[in-house]
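Worksheet: one structure, shown below.
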Amino acid sequence: MSKSRSSKYKLSKAAWNVYNSFRIGRSYQSLLLHESNFFNSQRPEIRHHQVDSLRSLIFYAEQSTPYYTDLINGISLDNLYETIHDENIDLSFIPILEKHHIRSHLDTLCSTRYKPRDRIKNSTSGSTGTPLNFYQSRHYWNCRNLSVYYFDRWAGWDFGDPQLIIWGSLAEIDSGKILKEKINRFWRNQYWLNGYELTELQMKITFEKMQKVKPTTILSYPSSLYQFSKYLSEKNLIPDWNIQGIISSAEMLHPHYRTLAESVFNTKVYNRYGGREVGLIAMECPEGRMHINCRDLYLEIDSTDPYNQPGDILITQFNNYIMPFIRYRIGDIGRISDEMCPCGNELPILAELLGRSTATFKTKDGKLIHGGYFTQQFYKLKGVTQFQLIQETLDQCSINLVINDEWNEDEKTFVESVVKDCLGLGVSLSMNYVDDIPLPRSGKREFTISKVT
Ligand SMILES: [Zn+2]
């Protein structure tokens with residue numbers, strides 16, 4: 001990387017190191033180096049780590065977490081050695097953890113070996129608007145941060161390098177008003193653009209700021225990144241410095257988002273997949289494959305043929321003993337692959353990720369259709385900038401569309417036929433052409449909503 005390191009960079013890098021080393025009580029750089037060794041290990045070692053971590057966690061949960069004591073009462077380590085080993089991992093004896101279980105068993109899901117004051121509360125907005133609350137430990141957060149720091153380096157990020165963050169969550173943006181957060185951003189060398197206020201003025205100011213600061217990476221919601229890229233492209237504003245990479249997180253990264261951002265910033269977009277409940281799940285490598293974070297979690301596909309037939313993603317988190325998440329249905333659909341990646345990293349690959357199953361549609365004859373199906377169909381359309389499909393009743397759907405110059409009759413007919421083929425010929429579809437589809441409070445764009453299910 002040929003660039004003159006500013007004193008701000010040096011200050012920021014030193015501050016990261018001191019701050020993190022103080023928190024964990026040892027040199028953070030050496031810890032990161034040590035952990036990186038695991039992420040770079042070979043398949044058999046990775047598998048062995050997963051087996052060990054699963055056995056320990058499940059045994060611990062049965063012993064100390066009332067919810068799991070009831071569920072898998074009496075399971076011994078010997079039983080676990082039989083069902084979980086290097087050749088085969090069978091977790092089918094543990095029922096899947098659903099979000100509604102967490103809502104109704106929040107207390108019994110917590111380990112009795114931790115004091116309530118050690119629980120760090122966290123929540124997700126949930127697709128229904130009802131927040132999902134849960135608890136995490138300090139250890140979980142240390143592991144989670146370390147993984148983010150490791151994987152973000154694939155995109156060219158490093159401690160102290162200036163980073164532009166385009167984020168849309170009100171909760172996170174509001175805290176920017178607090179002095180503490182401002183100080184944090186200063187020493188972390190982060191510059192923020194509020195994803196909620198992507199006005200032309202804000203984007204112009206941000207671009208001018210970036211010309212001076214020259215961030216090496218961008219971290220963004222893909223939809224906000226797309227809007228920003230589109231603005232720069234339309235105004236012919238060309239970043240004239242070298243951006244190492246762009247990290248896209250928290251939403252579905254659609255191919256046209258990626259294409260535009262990569263051409264405007266002349267760099268690669270890296271898709272980072274995670275969830276607040278379980279941390280970083282997978283990260284895209286320079287060769288474009290999503291590698292699974294096997295140090296922190298075990299990923300299963302709820303499908304009879306997970307290599308060919310996509311299914312719900314189930315996550316078992318290894319580091320959060322305070323409230324174990326075992327076989328947690330996170331709400332996304334995926335498929336795994338056993339290929340070896342040309343990048344040389346041997347972490348297994350998540351071959352397909354079909355976005356948040358925020359909505360499940362229901363047909364008149366009772367069939368359930370995953371909302372991701374429509375997303376997959378509609379993102380191919382060049383004339384559609386944004387869309388939101390809403391199932392109002394079993395007979396009626398509406399779609400909000402932000403269109404551009406390439407929208408035409410063929411695309412309109414395509415949208416109608418996708419909806420009718422899937423939900424039934426008798427279903428009426430009203431198309432609403434709008435200027436914008438506002439982000440919900442969570443900041444995560446909802447492409448599909450069903451008021452029926
Ligand atoms: Zn790779």
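Quick check: is even one residue across the range 430-444 modelled with pLDDT under 90 and not in a loop (DSSP other than H, G, I, E, B)? No, there is no match, as no residue in the range 430-444 is modelled with pLDDT under 90 and not in a loop (DSSP other than H, G, I, E, B). Residues in the range 150-174 that are assigned to a helix (DSSP H, G or I), of a type outside the set (Val, Ile, Thr) and modelled with pLDDT under 95: 4 in all.
Scanning the range 279-302 for residues that are among the aliphatic types (A, V, I, L, M), under 20 Å from PRO44 (Cα atoms) and within 13 Å of the ligand (Cβ to nearest atom) yields ALA282, MET290, ILE292. Kindly indicate whether any position in the range 337-351 is without any contact (Cβ under 8 Å) to a residue 60 or more places away in the chain and more than 16 Å from the ligand (Cβ to nearest atom). No, that holds for no residue. Being within 16 Å of the ligand (Cβ to nearest atom), buried (at least 17 other Cβ atoms within 10 Å of the Cβ), hydroxyl-bearing (Ser, Thr, Tyr) and in a strand (DSSP E or B) is the requirement here; does TYR273 meet it? In short, yes.
For beta carbons closer than 6 Å, sequence separation of 6+ or different chains, a first residue in the range 185-208 that is among the small types (Gly, Ala, Ser) and a second that is in a strand (DSSP E or B), the qualifying pairs are GLY195/ILE166; GLY195/TRP167.
Number of residues in the range 96-119 that are under 25 Å from HIS49 (Cβ atoms) and loosely packed, with under 14 Cβ neighbours inside 10 Å: the value is 1. Scanning the range 288-309 for residues that are assigned to a strand (DSSP E or B) and at pLDDT below 95 gives a single hit, ASP302. Please determine whether any residue of the range 334-345 is modelled with pLDDT under 90, of a type in the set (Val, Ile, Thr), in the same structural domain as ARG272 (by TED's automatic domain parsing) and in a strand (DSSP E or B). No - not one qualifying residue is present in the range 334-345. Taking the conditions exactly as written (crowded, with 21+ Cβ neighbours inside 10 Å and assigned to a helix (DSSP H, G or I)), does TYR226 satisfy them or not? Yes; evaluated as a whole, the condition is true for this residue.
The values are calculated or read from the model by the stated rules, or taken from the named source; none is laboratory data. All figures in this text were calculated on a predicted structure; none of them were measured in a lab. Positions of Cβ are generated from backbone atoms using ideal geometry, with glycine treated the same way; all protein chains shown enter the neighbour counts.
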